Amino acid sequence: MSPPRNQRPTHLPPELGRRAPDICFFLIMSSTPPSLSRRISLAFGSFFGILSRPDFAADIERLRSGGASAASAGLPPSSAPASAPVAESAPTAPAPVAAAPVAPPAAPATPKVADTTAALQLLSLLQREARLVDFVQEDIAAYSDDEIGAAARVVHEGCRKVLREHVSLTPVRTESEGSRLTLPAGFDASAVRLTGNVVGQPPFTGTLTHRGWRATEVRLPQLTEGHDTQIVAQAEVEL
């Protein structure tokens, strides 16, 4: 039998009092306002929950003063969107390392064109003092050895005079010809020429057959303006 309409109920169902905090928290966190019937049920449940549960009464006090309830303090807001799982990116391949530029092969050295002026001057001096060009250009097959020897003596004397006056010479190697010597690795190949059975790598051991010559000073006469060095020997006309 239900109580008279104007009589207030003395108690609510036990489960309503127990669930009142949860209902309050749900309504607080929900963005949708509860209906009238829901608010009436909540009001009765909260009333008896405040009387029977001190902790719930403290939560209601904090809510009324603008704070957060103890039940909701440790929970994230329901309206905050859950962070989407970050997809693990596939391992990226290391950036290719640019290959070091390869230096182009060195261009072969261009042969230096020698200045022929000094050479022609020296040849002209040898012709003037020793008749060297005449001797070399002559066909000596028809001459006897005595005749050739006599001409060679004149050529020798004249050539020696030119060298002594215009060129200073020293031996490349100071050792005596016929002596044994060893050429180490890195020897000056422009100053020493190997002959015979040349096999392998230095050091080389052999016999000095010629000491070589090195020009330490050259003294050639100065040329006058208009002098043609290509004229090694002038043509001679007897009047």
From highest to lowest solvent-accessible area (probe 1.4 Å; ligands, DNA and RNA excluded), VAL113, VAL199, VAL172 read VAL113, VAL199, VAL172
Largest first, what is the accessible-area ranking of ARG128, ARG62 with a 1.4 Å probe? ARG128, ARG62
What accessible area, in Å² to the nearest ten, does a 1.4 Å probe give for PHE187? 50
In nm, spacing of pseudo-spin labels at THR216 and ALA114 (7 Å Cα→C-beta vector): 2.2
Label-point separation in nm, VAL133 to THR205, each point 7 Å along Cα→Cβ: 5.0
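The values are calculated or read from the model by the stated rules, or taken from the named source; none is laboratory data. Just so you know, these numbers come straight off a predicted model, no measurement behind them. All Cβ positions, even for glycine, are placed from backbone atoms using ideal geometry, and neighbour counts span all protein chains on display. Please note that ligands, DNA and RNA were not included when accessible areas were found on the heavy atoms of the full protein model with its side chains. Shrake-Rupley method; radii C 1.70, N 1.55, O 1.52, S 1.80 Å.
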